[in-house]
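Every read-out reported here was derived from the displayed coordinates using simple, explicitly stated rules and does not represent laboratory data. In this text, all values refer to a predicted model and were calculated from it rather than measured experimentally. Here the Cβ is made from the backbone with ideal geometry for all residues, glycine too, and neighbour counts use every protein chain on show.
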Amino acid sequence: MNRSDTARRRRRWSAAAAVVVGVVAAASTAVVTHGDAYAATIDPNAWYQIVSRHSGLALTISGASTADGAGLVQTTRGSQTSQQFQFVSSGGGYYRLRARHSGKVLDVYERSTADGANVVQWSDLNGTNQQFSVPDTTAGFVKLVNRNSGKALDVWEWSTADGGRIAQYTDTGGNNQQWQLVNVSGGGPTSTPSTPPATRTFTNPVKRNGPDPWMTYHNGYYYLATTTWNSTITMRRATTLSGLAAAPDQVVFNLAGRANGCCNMWAPEFHLLNGPNGQRWYLYYVAGQNVADYNPTQRLHVLESAGTDPMGPYTFKADLGNDWQLDASVLQANGNLYLMGTYGGDGAGQSNFIQRLSNPWTLTGSRVRLSSPTLSWERQTAPVNEGPEPLYHNGRVMVVYSASACWGPDYKLGLLTLTGNDPMNPGHWTKHPNPVFQRNDANGVYAPGHNGFFKSPDGTEDWIVYHANSSASGGCDMNRSSRAQKFTWNADGTPNFGTPVRLGVTLAAPSGESG
């Protein structure tokens, strides 16, 4: 049984338990206790807060965004118009739920009929994926059932967290699918949307099934690529960090038909580098013959964009090496380019390597071992160094890498600093004696690793993007989610990544984000 099956069974058990004990327990723990009168009949001219019976939190458009695709979450009740909705009749007992601040309606993204599909706001098209029936349950609560899918609006994974995701799910009758309608004001729709707050927010994950993330901010958009484990390389983009969660993945390259470069695609990274034709995006990735998750055919490859759009189009440029290698990245130092990655380590365990590039797709000289798992915490689950990523600050050149093994909860990040002047000389690198980012059981974050870095839109903040599991038993699979958080710098010039943040916690968006 895979982890997603286990989660679904756990959710169904919880729903069944809620039906049995709900009459006793709901009155003391789950029922909304704000003292508001329940609206027994829907008033088409009124604005409602829609409050979860399970958590007591209200449906809210994330970050008060006015953009198509902004996600639906639950947050503490307040007076903000981003958590006020009008029921607009579509006839036949179905309603569109119009957000007061944006004028847009709730929408099951891409007309999905799948359990767990995101619910977002979208321009009002009166589609069946934007229409909901409102059947009564008990004690003054309703369900909201999508016309297209027949599935109910659901607080995902029974979250009680501020910022918890709202999805659709098979109707189980659970308290996390029951809602109180609180009439907060009468009157028709506002004539113009309210101005979003100056401080935007987001919640993790920025992509639920997104291992090995790489992100950059470029020309007004965040771009995110992750492992697909198939023959496609995909990328999504959004004007806000919160918008990435619901943004569609777009295929930017298909590996099918390549003799060695298909399939099993992992760890894509795209770098804007100077080539013979000026600046281009070079997309590095791992792929091989799709015979197993970990197999000896995995190799490094690189694509080149036609222009300066991170989405491409891309053409295949080169194979990089002819033996088992993973996790390509590019280091820039002393005016030179260097390919970094992971290999067998010449008998030293799974190690990181570095090799000169004469241009973004051509290797020159010999490969050198950059780091190997020599410290006890690097060998905790298995002796592994992998995923080397460049980091620059105030003239200092560093590499952050992943250690231990991704199939255990103690996957973590380590740090190398270039303390000499030659990146190709292992003696010119100094390894930090302790991990710089690791699991936090109190926050429910396990195996944080395989990261990248990006700047805030105004260039004043440094951010890390990484993947992690929400369970200590989580594996090295597609259930890992992409997460982002701001980091700072220590007095000695090393990064201070802090503690990995619990999923669903509301965080301030990167500085300068305008959406």
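Numbers for the structure displayed
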{"item": "Value at 222 nm in deg cm²/dmol, rounded to 500, when DSSP H runs of n ≥ 4 in the chain each add -39,500 (n - 2.57)", "result": "-1500 deg cm²/dmol"}
{"item": "Under Karplus coefficients 6.51, -1.76 and 1.60, residue-wise ³J(HN,Hα) of the stretch 423-437 in Hz, glycine/proline x", "result": "x, 7, 9, x, x, 8, 10, 10, 8, 5, x, 10, x, 9, 6"}
{"item": "For q = 0.10, 0.11 Å⁻¹, Debye-computed log10 I/I(0) when each Cα of the chain counts as one equal scatterer", "result": "-0.80, -0.94"}
{"item": "Magnitude of the charge dipole, the chain, Cβ model with Lys/Arg +1 and Asp/Glu -1, debye to 20", "result": "540 debye"}
{"item": "For the stretch 201-508, diffusion coefficient by Stokes-Einstein and Kirkwood Rh (Cα), 4 °C, 1.567 mPa s, µm²/s", "result": "67 µm²/s"}
{"item": "Simple label model, 7 Å out from Cα along Cβ direction - SER123 to THR430, nm", "result": "5.7 nm"}
{"item": "Relative contact order, percent, the stretch 201-508 [alpha-carbon distance under 8 Å, six or more residues apart]", "result": "16 percent"}
{"item": "Number of Lys pairs (Cα under 24 Å; 8 or more positions apart or on different chains) in the stretch 201-508", "result": "8"}
{"item": "Proximal aspartates and glutamates to LYS104, defined as alpha-carbon separation beneath 13 angstrom and excluding residues fewer than eight positions away on the same chain", "result": "ASP68, ASP124"}
{"item": "ASP422 paired with VAL505, simple spin-label distance in nm, labels 7 Å along Cα-to-beta-carbon", "result": "4.4 nm"}
